[in-house]
Each structure stands twice: as C-alpha cells, then as structure tokens.
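Have a look at the structure below before the remarks.
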Amino acid sequence: MNNTAEAAVRIVICASAPEREAELSQMWDKHQPNVNQTDDKKGFTLEAGSFGLVLFDHKTMCQIWLLGFAAQHSFNLFLPYLYLSQLTGLPFSPTDTTIEPEANNIHKKISTIYLAINKLKESDSVDNVIWPFDIPRPDDGKPSDVSGGMAFDLLYIASAYCFLHELRHVQLRNLGENPDPIQEEHECDKYARDFLLEKIEDHA
C-alpha cells in the first residue's frame, strides 16, 4: 500500500472497530476504493465520486476535529445540570447555564470554536484561519488530559463513520445498485453505524 491517505483511513477504521479488520480488508480487495487527499479548497470536502474515488482534504478533517472539541465542551457544560435535573426532578433549560461565570466561560469557548469552524469552511487553507488557542492541533497527537483524550477517541470513531459512509457509496456503485438518493444516504448511514457497532462486544 503506497497511498498515504488510504493507509490513514484504514488505520482510523481499524482503530475504531478492530474486531472487523479482516472484513475491511475483504471489502477493500473486492471494491478497490481509491482514497485520495486533495488540496484544500473552500467548503467541506468528504465525498465519494466516480471510479471508486473517496476524496477529502486536510481542512475538512480540521473542521471535524474542532466540532469534536466543541461537542466535548458542550458535554462538560451541560452534564452537571442534566445530572442535577435527574436527581431533583427539576426541569432544565439551556438558559440555566448562563447564570454561572464558569459556564459562561465554556459558552465563550464553544462560540470561539464555532467561529473558527465557519472561517475554515469559507477559507481555502487552514493557514488562513486563527486556530483556537486552547484546542490542540490534530498533528499534535492524542491530548494527555482526560477530557481531551476522550474527545480524541470519539473523533477517531466519528471520522471512521464518515469514511465508512463514503465507502458504502463506492460499494453500491460497484454493485450496480441505484437507489433513490435519499434512500442511498440512509443506507450509507446504516452501513457505517452497523460496521462500528454490530460486533462491538467481540472487542469489548
């Protein structure tokens, strides 16, 4: 295997579902997907095209990365309120989180991340966007703190899901199946979800 992008995608999927490595290899041998990292451009690039192509760019993966850390901050923000609501039976509203100064700080962090994501989408290069100062960069590897490490692990799985979705598009085209476009999207979602979850007990 001499395609760096292909190797990276296979590593991400196998790390997320190690119990299905043999099946992934069989699928790859049968359908021969052509995975390539393209040059950065405006928008969000993660798609399956003709001739078995699966295309993505670095900037899109950075958008997914930042979304993962925004989700992690949201988890840290809302969990105490949701837990307290369950214990007391009192209703919970997201506006409740604007009362505490610490919660307001997390709101600001999340807003800063979303701003960077939107700027990434509109830019043609990661270098043109100011990276949120408290978010590690993907090239730095797995964060050493528990919260960052959790976000990293979930981002691995989320990325695997995205690539499995696109790989299913390749399979359907190779099999000559032409479902309704909306049905095809649902089928690709189901394939990615089942691939990651159906045999999870084997690994656990």
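Within the range 102-204, which helices (runs of 4 or more DSSP H) (wholly inside it) include 3 or more residues that are of a type in the set (Ser, Thr, Tyr)?
Filter on the range 102-204 gives 146-174.
Working only within the range 99-145, note down all residues that are surrounded by 11 or more Cβ atoms within 10 Å (Cβ to Cβ), among the β-branched types (Val, Ile, Thr), farther than 20 Å from ASP57 by Cβ and without any contact (Cβ under 8 Å) to a residue 24 or more places away in the chain.
Correct list: THR112 only.
Test each condition in (1) touching a residue at least 40 places away in the same chain (Cβ under 8 Å); (2) surrounded by fewer than 18 Cβ atoms within 10 Å (Cβ to Cβ); (3) under 27 Å from PRO33 (Cβ atoms) for LEU164 and report the one that comes out false.
Here LEU164 clears every test but (2).
In the range 169-204, what residues are crowded, with 17+ Cβ neighbours inside 10 Å and free of Cβ contacts under 8 Å to residues at least 60 places away in the same chain?
Across the range 169-204, the qualifying residues are LEU172, GLU187, CYS188, TYR191, ALA192.
Among the residues that make up the range 52-70, is at least one of them open to solvent by less than 50 Å² (accessible area, probe 1.4 Å), among the charged types (D, E, K, R) and either touching a Ser or Thr at 6+ places or on another chain (Cβ under 8 Å) or more than 25 Å from VAL170 (Cα to Cα) (or both)?
Within the range 52-70 (the criterion being open to solvent by less than 50 Å² (accessible area, probe 1.4 Å), among the charged types (D, E, K, R) and either touching a Ser or Thr at 6+ places or on another chain (Cβ under 8 Å) or more than 25 Å from VAL170 (Cα to Cα) (or both)), the answer is yes, since at least one residue qualifies.
The values are calculated or read from the model by the stated rules, or taken from the named source; none is laboratory data. This one's a predicted model, so the numbers in the text were calculated from it and none came from an experiment. Glycine also receives a Cβ, built like all others from the backbone with ideal geometry; neighbour counts cover every protein chain displayed. Side chains are part of the model used for accessible areas, which takes the heavy atoms of the whole protein and leaves out ligands, DNA and RNA. Shrake-Rupley method; radii C 1.70, N 1.55, O 1.52, S 1.80 Å.
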